[in-house]
Structures are given as structure tokens and as C-alpha cells.
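Everything below concerns the one structure shown next.
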Amino acid sequence: MPPSTRWRRSWPTLLAYASVVVLLAYALFPVFWMVSTAVKPTNEIRTADPTFIPTQLSGEHFALVLWKSNFLVYVRNSLLVATTVTAATLVVSTLAGYSFSRFQRLPGITAAGVGMIVGQLVPGVLLVVPLYITMKNLGLLDSLWSLILTYTTFSVPLSTLMLKGFFDQVPVEVEEAAELDGCPSWQVVWRIALPLAVPGLMTTALYAFVQSWNEFLFGYTFISQDDLRTLTPGLADFIGIWTVDWGALMAAASLAVLPVTVAYLYLQRYLISGIATGATKG
Amino acid sequence: MAIDAAQPARARRGVHVPKVRGRYGYAYLFMLPAVLLLLGLTVWPLVRTFVLSVQNVNLVRPGSEFVGLDNFRSQLTDRTLFWPAVWHSLVWTAGSVGGEYLLGLGSAALLNLPLRGRGLFRMLVLIPWTVPIVIAAMTWRWILQPEYGIGNVLLVRLGILAEPVYWLGDLSTALGTTIFVNVWRSFPFYTIALLAAMQAVPKELLEAASIDGANAWQRFWKITLPHLKGVSFALIVLHVVWTFNNVEFIWLLTEGGPLHASETLATLVYRMGFRTFQISQAASLSVMMIALLLIVGAGYRLLSRRRVQGE
């Protein structure tokens, strides 16, 4: 093959690879810069000539975040809230999703289903003021319960719809057979349907956990006591406290983002099928 | 009950019916927690919003009175906050969704090419979307920081800017910059969704077109793109609703400032609720936003029905 032909064949390919490089640089540079800022000493940060790859690694910012701030308290609060929300969402949506899958034709059940879809679409900003008043009246402001209740309510509708889909795939005949064999009907859900829907439960759990882990607006509004803050509002507070200490801010951001990103990438095939069906809230 | 009447013999023998009727009871019992949560924490707050919108509740002063449509009137005649916020909401929503869609479409087309390592590329391109909004905002505030921010440093060094720009603090650039950051965080969602749709385009169609002499560009325009209509439609409508109602991005980047230059209806609701404590004013804005949402929802249903009939 003469060189000119080879060149003509390969230039679109080269162009494609070049575009991929530009795209990935755009997508990943901020994340790279966050980590890079976090690990370098302050004199390489506050300068008009910053280094891309740190010439010197420094743990000072991580030490500040971990030992001299409330970062770990925020993490604990977020973990508490997110795990409770996940457990509560699983219980509530398993029950509702099962009922929705098996008894669709009963009066009222369909209406509840439509209500779920509509409820899923109500944006948070329209609820934050009235819910604040409700929580105030219930005496739940500055209590993690306000967030647990709110986040559970927000993740139940989509979780119910997802689990309904999974229960739909479990044949009714299996349950009927179990009942004929003398399994009490209330145990059918627990012993027969639930084990068969485990993949669905995993997806739902991930969704509920990440949803409440990342939520900002309600956590920022309902909780004002510092030792009850969850992670995302806590990070936002750091912006105010460490105004110019970008090393510490980026260290906190890196610590907070890495577990979520790793979890996402690990679970990306579930995630992508979720996105492909247009179900995941952004 | 209908079941008893239909199966009297079996009922008398007491084989199945009691059990079945028992399970009908379970149907409602199982639904109950979900329904209670939705009623208490979604429906009731919305009802509350409508009630508050015709009162004059202000957290700074106790008491409430019925004031009719006064709040709506004062909003609609407010040229300093309300109408600029309407305009900013439109720019913010159209700019964000438009930018996200174009970038998502371009990157999906790129990652649909038979490149080596595209599995890895697809995974990497998803990363911005996994970054929580708070962290995206923190990181970009640092990159765009006027003195030491790498964005300004690079742009000045490359000669594109004569001097650093205070991107988030300047009246003329604040809103555009928040849109830019939102596009960065949100476009991967479009990439993945559109890529999935592109891979569902029948290979035979593309091959046939190729044999008939259509080049890559024509194949993309005439075959791939029409196949993306359904996904695109859903993506755009969902994101219009999410973006229009988003408070976090703008609040964390600029708090709606400087001087309300990036204030949207959504951030205005939040400001009135939690900064100036004009609860009823916030509620009246919310009611107007609900009305807009319902119009968009009705339009969506109408259009998607027409689409289904058209196909």
C-alpha cells in the first residue's frame, strides 16, 4: 500500500482518537485537578505558576480534613442516614412493589401506582419550604430523622416501580405452588418472591443509598447543628470556613468523591441499564 | 363478594377462597406505608403550598391572614427580581439542556466508532456525572478562581485572555459560567443514553445504506439520528424539568449572584424561603412553577401520543 493511501485511510481514525483525547481531557481534568491540588503542598497551590504533577507530595491537607475538622462526623451522619434510608426504602418499596405487581387490578392499587409516578416527578425545590415547616412542627429540625423520612419518601416511588418490574418476572405459579404445599400466604412473599428478586433489591439499594448520600438541599436546610450535618452540606460549609485553603477543600472533596465514583464505576452495568431506560434521577 | 358468589361450592368446602380474600387484604396493607409517606411528605406539602400562597405568612412576624391573589400580583409586577429570574430560568434551562444534548450526541457518536479501548473510554466519560453536585461546584470554583485558578492561568498563558476573569463574580459571565459547569456535570448521562440507543440501530440498515453509497455523514443523519428521536425526546423533557427546578448548582456556585445576575425562579423560591423568610411569596412562586410544570407535562403527553400515532 502506498503511504499516501494509508494516510488517507487513517486520518479519520487519528481524528477520532484525537477527539476522544480532547473529550476525556474535558471530562476528567477537573477531577484530576482536584486530586492534584489535594496532594501537593500549599506553596505549589497558591502561585501564579501552579504545577500539574506535584513535584512534592504532601499529606498536610488530608491530615487537616481528617483530624482537625468535623469531616468524619459528617461521614458518620451520612452513613447513618443513607443506610437507614436504604433499609426503610427496601422494606416499604418491596411491600408496595409486590402489591403493585400482584394485585394491579384491585381498585385503588392502580391509582397508588399513578400517584407514585407523579410523586417521583415533584421537584425538591417545591417541597423544601413546606416540608421545613412540617419538620419544624413535628420538632424534627436538627434531627437526622427529618432527613431519613424525606429521603425515604423521595426514593420510594422509583424503587417501587423498579421492584414491581422484578416481581413481574417471578411467575405467580411458583407462589401458588408454595401455597398449595402449605406455605402460609403471608410467608410466600418472604420465602418465595423475595429471594427471586434479589438483583432488583441490590439495584434499589444502590439507588436509595447514592440518592441520599448525594442529596444536598434538604440536608443543608433541615440541619443547622454542626455535629448533625451530613457530608454534602458539611462540604459546602467548608467553602465558607476555609475560603482560601484550596488544598484542604480539594482534599475533602477527593475523600468524599472517591468512594461514590468507585461504587458507580463498579456497578456501572446496572447504572447504564437504568440510564438507558431513563429512570435514574440526575 | 364477587368471588363468593362465583365459587359458592368451593367456598363452602373452604378450600381456597379465605386465603385469596386474605391476600386481597395484604394488597392494601402492603401499599399502606408507601402511600402514607407520599401523602404526608409530598401531597400534603403541595396542598400546604397552595394554602400559603394566598396568605401572608412571613417567618419574621407571627400570624397569617388571607390575602387572596396579592402575592401573585406583587410577583407579576416585580421587575427587579421576578421577571429577570424568569428570563434567567429560560436561559439557564435552554442553555444547559441544549449544551448537554449537543455534547452528549457528539460524544455518543464518537464513542460509537469502532475504536480500540472504547469500553474504557465509555467508563471514563461517565465520571463527571458520578461527582456529587457539591463537589463539582467546589472544584470548578477552584478552577475558575480569579487569582490562582488554573482556568484563568491557562487562558492567560495561551494568550486567549489578556487578564484573569472573575467568571462567577462578574455580572456578565456568572450565568453563562454556571451553565458551563452544569453541562460538564450532566452531559455523560446523555452520552450513555444516546449511545445505548445508537447501538440499537439495526446494523442491516446501516450496511444497506453503505452499499447504496451513503457516506458516514449521510448514514448518521438519515438513519442513526431518526432512530434517536424517542430517547432524545424523553431525555430533553426530563432534563428541562430537572434543570428548571435545580437549586443546588447555582446556589453552590454563585448563590444567585452577583446582584441576582444568576438568580432563577428556583433559587428565588429558596432565597425567599430561607434568606428573606417571605414564606407566602415563595409559595406563590412555587404555585406558578407547578402550573408551568403541568403545562410541560401536558405538552409531553400530547406530543408523545402524537408520536405513537404517527409511527
Residue set A:THR94, A:THR89; condition closer than 30 Å to A:SER224 by Cβ and touching a residue at least 12 places away in the same chain (Cβ under 8 Å); output residue A:THR89
Filtering segment B:141-185 for residues that are small (Gly, Ala, Ser), part of a loop (DSSP other than H, G, I, E, B) and closer than 16 Å to B:GLY257 by Cα leaves a count of 2
Collect the residues in segment B:39-71 that are within 12 Å of chain A (Cβ to nearest Cβ) and among the aliphatic types (A, V, I, L, M), keeping them in residue-number order. B:LEU39, B:LEU41, B:VAL43, B:LEU46, B:VAL47, B:VAL51, B:LEU52, B:VAL57, B:LEU59
Where the second residue is buried (at least 23 other Cβ atoms within 10 Å of the Cβ) and part of a loop (DSSP other than H, G, I, E, B) and the first is touching a residue at least 12 places away in the same chain (Cβ under 8 Å) and charged (D, E, K, R) and lies in segment B:259-284, which pairs have Cβ atoms under 7 Å and are six or more apart or on separate chains? B:GLU263/B:GLY256; B:ARG271/B:GLY256
If you take the residues in segment A:66-100 that are touching a Ser or Thr at 6+ places or on another chain (Cβ under 7 Å) and farther than 14 Å from A:THR153 by Cα, which one is surrounded by the most Cβ atoms within 10 Å (Cβ to Cβ)? A:GLY97
What's the total number of residues in segment B:80-103 that are farther than 21 Å from B:ILE250 by Cα and at pLDDT below 95? 0
Residue among B:ALA196, B:ALA94 that is within 10 Å of chain A (Cβ to nearest Cβ) and under 22 Å from the mean Cα position of the chain (by Cα): B:ALA196
Within segment A:211-244, considering residues that are outside any helix (DSSP H, G or I) and in contact (Cβ under 8 Å) with a residue 12 or more places away in the chain, the one nearest to the other protein chains (Cβ to nearest Cβ): A:PHE216
Between A:ALA27, A:ALA63, which is out of contact with any Ser or Thr (no Cβ under 6 Å at 6 or more places or on another chain), over 30 Å from A:GLY165 (Cβ atoms), surrounded by 21 or more Cβ atoms within 10 Å (Cβ to Cβ) and free of Cβ contacts under 8 Å to residues at least 60 places away in the same chain? A:ALA27
Answer residue from segment B:231-243, given it is of a type in the set (A, V, I, L, M, F, W, C) and more than 8 Å from chain A (Cβ to nearest Cβ) and is farthest from B:VAL86 (Cα to Cα) among those: B:PHE233
State all residues of segment B:255-279 that are crowded, with 24+ Cβ neighbours inside 10 Å, at negative phi and away from chain A (no Cβ under 12 Å); if no residue qualifies, say none. B:SER262, B:GLU263
Pick from B:LEU102, B:LEU175, B:LEU69, B:LEU154: which is closer than 30 Å to A:ASP245 by Cβ and surrounded by fewer than 17 Cβ atoms within 10 Å (Cβ to Cβ)? B:LEU154
Do you know which of the residues in segment B:113-143 that are under 18 Å from A:SER19 (Cα atoms) and of a type in the set (Val, Ile, Thr) is surrounded by the fewest Cβ atoms within 10 Å (Cβ to Cβ)? B:ILE127
Can you find, within segment B:197-209, the residue that is farthest from B:ILE250 (Cα to Cα) among those that are part of a helix (DSSP H, G or I) and without any contact (Cβ under 8 Å) to a residue 12 or more places away in the chain? B:ALA208
Selection within segment A:162-179 - surrounded by fewer than 19 Cβ atoms within 10 Å (Cβ to Cβ) and in a helix (DSSP H, G or I): A:GLY165, A:ASP168, A:VAL172, A:GLU173, A:VAL174, A:GLU176, A:ALA177, A:ALA178, A:GLU179
I need every pair where a residue in segment B:77-93 that is in contact (Cβ under 8 Å) with a residue 40 or more places away in the chain has its Cβ under 9 Å from the Cβ of a residue that is of a type in the set (Ser, Thr, Tyr) and surrounded by fewer than 17 Cβ atoms within 10 Å (Cβ to Cβ), sequence separation at least 6 or different chains. B:PHE82/B:SER74
Okay, helices (runs of 4 or more DSSP H) sitting entirely in segment B:221-311 with 2 or more residues that are aromatic (Phe, Trp, Tyr), I get B:229-244, B:248-253, B:265-274
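The values are calculated or read from the model by the stated rules, or taken from the named source; none is laboratory data. Quick caveat, the model's predicted, so the values are computed rather than measured. Don't worry about glycine lacking a Cβ; one is built from the backbone with ideal geometry, like all the others, and counts go over all protein chains shown.
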